[in-house]
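Asker: If you scroll down you'll find the structure; I have some questions about it.
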Amino acid sequence: MILRIPGDAMVVLVGPSGSGKSTFAARHFATTQILSSDELRAIVADDANDQTATNAAFELLHTALAMRLARRKLTVVDATSVDGWARERLLAVARRLGRPAAAIVFNLPLATCLERNAARADRRLPSAAIRGQFDRMRGSLDGLAAEGFDQIAVLSTAGEVDGIVVELLPD
């Protein structure tokens, strides 16, 4: 599959922890293009796992997103984004600035996400948290097209994730 994304777009990675979003982002996008909620938690609190820093990290994420999109810079949001309200806030920024928005959904099996999480040395989450993220993502898939994304790619297997080609279009 080839995914062609405008060079001034917002790309929202959607999926539970352990679904491969950060690995995918690092493989396909420049470090400067990625706004990672984990990295922003680390910036705010010196610890990517410090959930008490989440609100501040997302305030920083939304501010940086708006600044980058205002400059017509491709911006990738690397957060779970499994809840419609969270995606709605991101879409509002893109719409306000007249930028296209794409969603890449990591709809991998729950077992895959749990296995990957268990193998992590640094950011292991409780299994119940991943199950909750997975259920919320699955529950929102049917309505995703109506949310206002210009493009949606749903990747359901590790092979699809590994095989996708991302092409950035001139804006």
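Coordinate-derived values only; no laboratory data. None of the values given here were measured: they were computed from a predicted structure. All Cβ positions, glycine included, derive from the backbone under ideal geometry; neighbour counts span all protein chains shown.
Asker: Could you order peptides 119-130, 19-30 by the average number of other Cβ atoms within 10 Å of their residues, highest first?
Answerer: Taking the mean over residues of other Cβ atoms within 10 Å, the ranking is 19-30, 119-130.
Asker: Next question, about the same structure. Please work out the C-alpha center-to-center distance from the range 90-115 to the range 10-45 and express it in whole Å.
Answerer: After rounding, the separation between the Cα centres reads 11 Å.
Asker: A further question follows. What net charge do the residues around residue 18 carry, taking every other residue with its C-beta under 10 Å from that of residue 18, with Lys and Arg at +1 and Asp and Glu at -1?
Answerer: Counting the neighbours of residue 18, the net charge comes to +4.
Asker: List the residues whose amide H sits under 5 Å from the amide H of residue 12, counting only those 5 or more places along or on another chain, with H placed 1.01 Å from N in the peptide plane.
Answerer: Placed amide hydrogens put 77, 102, 103, 104 under 5 Å from residue 12.
Asker: Give a residue-ordered list of calculated ³J(HN,Hα) values for the range 141-155 (Karplus: 6.51 cos²θ - 1.76 cosθ + 1.60, θ = phi - 60°; whole Hz; x for Gly, Pro).
Answerer: Per residue, the Karplus-derived 3J(HN,Hα) values read 4, 4, x, 4, 4, 7, 6, x, 6, 6, 9, 9, 10, 10, 10 Hz.
Asker: Additional query: Roughly how many debye, to the nearest 20, is the charge dipole of the chain about its Cα centre, given +1 on each Lys and Arg Cβ, -1 on each Asp and Glu Cβ, and no other charges?
Answerer: On the way: 20 positive and 20 negative charges, 47 e Å.
For the chain, the charge dipole is close to 220 debye.
Asker: Do any trypsin sites (Lys or Arg not before Pro) in the range 70-100 lie in a loop, going by DSSP, with at most 12 other beta-carbon atoms within 10 Å of their beta carbon, and if so which?
Answerer: Counting only loop positions with at most 12 other Cβ atoms within 10 Å, the trypsin sites (Lys or Arg not before Pro) in the range 70-100 are 71.
Asker: Count the net charge of all other residues whose Cβ sits under 10 Å from the Cβ of residue 117, scoring Lys and Arg as +1 and Asp and Glu as -1.
Answerer: +3
Asker: Using a 10 Å cut-off around each Cβ, can you sort 137, 1 from fewest to most neighbouring Cβ atoms?
Answerer: Final ranking by Cβ density, sparse to dense: 1, 137.
Asker: Round to the nearest 0.05 the FRET efficiency obtained for residue 4 and residue 89 when R0 = 25 Å and r is the Cβ-Cβ distance. Working shown, then result.
Answerer: Numbers: r = 26 Å, r/R0 = 1.02.
The formula returns an efficiency of 0.45 here.
Asker: While we're looking at this one, here's another question. If you wrap a convex hull around the alpha carbons of the range 40-171, what volume per residue comes out, as a whole number of Å³?
Answerer: Once divided by residue count, the hull of the range 40-171 is 124 Å³.
Asker: Next question. Considering Cα pairs under 8 angstrom that are at least six residues apart, work out the relative contact order of the range 1-91 and quote it in whole percent.
Answerer: 45 percent
Asker: Kindly provide the Kirkwood hydrodynamic radius of the range 77-130 in Å, to one decimal, from all pairs of distinct alpha carbon atoms.
Answerer: On the way: mean 1/r = 0.0752 Å⁻¹.
Value: 13.3 Å, from the Cα pair sum.
Asker: Right, another one. Helix-only estimate, please: 222 nm mean residue ellipticity of the chain, summing -39500 (n - 2.57) across DSSP H runs of length 4 or more and dividing by its residues, to the nearest 500.
Answerer: Value at 222 nm, helices only: -13500 deg cm²/dmol.
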